[in-house]
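What follows is a single structure, written as structure tokens, with notes after it.
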Amino acid sequence: MAEKFVQSKLKASKVTMFEKPSCPFCVRAKAILKGYKFKEGHLEIVDISSLDILSSVQDYFLKKTGERTVPRIFIEEECIGGCSDLVPLDSSGKLETRLQSIGALQ
């Protein structure tokens, strides 16, 4: 069920971030992503904190990405990691280039 839930959120030309709103790393990553002008429907922030399947979702993250923590950020179906992975991608300009290449930006 957790795998189905996560996979249902991952789509071509879309960025998906799984978060817990109380997590400071999630807050920072969300602020970075919201700084870009995404086309409608090409950025989804998914709050997993109140899910009944929270633990199994995080177990699936561990299986799929090697990390159980949030945020878990996916560009299309590829996990790019968490906040500590997003920050250098953003500051180097590589994140914007990647987002443009998948057609996610206005």
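The values are calculated or read from the model by the stated rules, or taken from the named source; none is laboratory data. None of the values given here were measured: they were computed from a predicted structure. Every residue, glycine as well, gets a Cβ built from its backbone with ideal geometry; the counts of neighbours run over all protein chains shown.
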Which listed residue is farther than 13 Å from residue 73 by Cα, in a loop (DSSP other than H, G, I, E, B) and either free of Cβ contacts under 8 Å to residues at least 12 places away in the same chain or in contact with a helix residue (DSSP H, G or I) (Cβ under 6 Å, 6 or more places away or on another chain) (or both), from 40, 3: 40
Picked from the range 1-39 (must be closer than 18 Å to residue 100 by Cα and of a type in the set (S, T, N, Q)), the residue farthest from the chain's Cα centre (by Cα) is 13
Take residue 28 and tell me if it is touching a helix residue (DSSP H, G or I) at 6+ places or on another chain (Cβ under 6 Å), surrounded by 12 or more Cβ atoms within 10 Å (Cβ to Cβ) and not hydrophobic (A, V, I, L, M, F, W, C). yes
Restricting attention to the range 59-75, which residues are closer than 18 Å to residue 47 by Cα and part of a loop (DSSP other than H, G, I, E, B)? 67, 68, 69, 70, 71
Among the residues of the range 40-63, how many are under 20 Å from residue 98 (Cβ atoms) and either modelled with pLDDT under 95 or surrounded by fewer than 15 Cβ atoms within 10 Å (Cβ to Cβ) (or both)? 2
Within the range 76-106, track down each residue that is in a loop (DSSP other than H, G, I, E, B) and without any contact (Cβ under 8 Å) to a residue 24 or more places away in the chain. 93
